[in-house]
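A.B. asks: My questions all concern the structure below.
The values are calculated or read from the model by the stated rules, or taken from the named source; none is laboratory data. Since we're looking at a predicted model, the values are computed, not measured. Glycine also receives a Cβ, built like all others from the backbone with ideal geometry; neighbour counts cover every protein chain displayed. Just so you know, the surface numbers come from the protein's heavy atoms only, side chains and all, with ligands and any DNA or RNA stripped out. Shrake-Rupley method; radii C 1.70, N 1.55, O 1.52, S 1.80 Å.
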Amino acid sequence: MVCLFLVNCKHQISRIGYTVDTKSSSYVNCDITIKKFEIITDSVAYKIGTIKLSDSGFSNRCSEEDAMVILKKEGCALNADFINITKETEPDKESNCYRCRADFYKFKK
């Protein structure tokens, strides 16, 4: 009950190495590629930030689909070229949330 009034009941977001303004017009769901467990070499792209999506403890809107929307909005706000999920945990008996860690990349020119 408290969750409904105090928080959005979504993933807990931890940003590492970057910040974004979630109220900015660039914080939208755009067409950005999401990869999983790719090995990215320094000659191809460089990392511009990392995000961790976890269970806030009061989460009820934290499916994999919800997480992908967050990843895309964060990536678009950073003007990233692609997102690489480096760790994921499916819902289980400990949490009903999809949890993941992902890196945002820009291609080298």
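A.B. asks: Looking only at segment 1-43, count how many residues are more than 27 Å from ASN96 (Cα to Cα), modelled with pLDDT under 90 and open to solvent by 80 Å² or more (accessible area, probe 1.4 Å).
C.D. replies: Number satisfying all stated conditions: 1.
A.B. asks: Got a sec? Which of ILE70, ILE40 is β-branched (Val, Ile, Thr), in contact (Cβ under 8 Å) with a residue 24 or more places away in the chain and either in a loop (DSSP other than H, G, I, E, B) or within 11 Å of PHE104 (Cα to Cα) (or both)?
C.D. replies: Step by step, each of ILE70, ILE40 is checked, and only ILE40 is β-branched (Val, Ile, Thr), in contact (Cβ under 8 Å) with a residue 24 or more places away in the chain and either in a loop (DSSP other than H, G, I, E, B) or within 11 Å of PHE104 (Cα to Cα) (or both).
A.B. asks: Just to be sure before I move on: is TYR46 assigned to a loop (DSSP other than H, G, I, E, B) and either modelled with pLDDT of 95 or more or in contact with a Gly (Cβ under 8 Å, 6 or more places away or on another chain) (or both) in the structure I sent? Write out each step before concluding.
C.D. replies: Details: assigned to a loop (DSSP other than H, G, I, E, B): no; either modelled with pLDDT of 95 or more or in contact with a Gly (Cβ under 8 Å, 6 or more places away or on another chain) (or both): yes.
It is false that TYR46 is assigned to a loop (DSSP other than H, G, I, E, B) and either modelled with pLDDT of 95 or more or in contact with a Gly (Cβ under 8 Å, 6 or more places away or on another chain) (or both).
A.B. asks: What is the one condition in (1) closer than 23 Å to SER25 by Cβ; (2) open to solvent by 50 Å² or more (accessible area, probe 1.4 Å) that ASP92 does not satisfy?
C.D. replies: (1)
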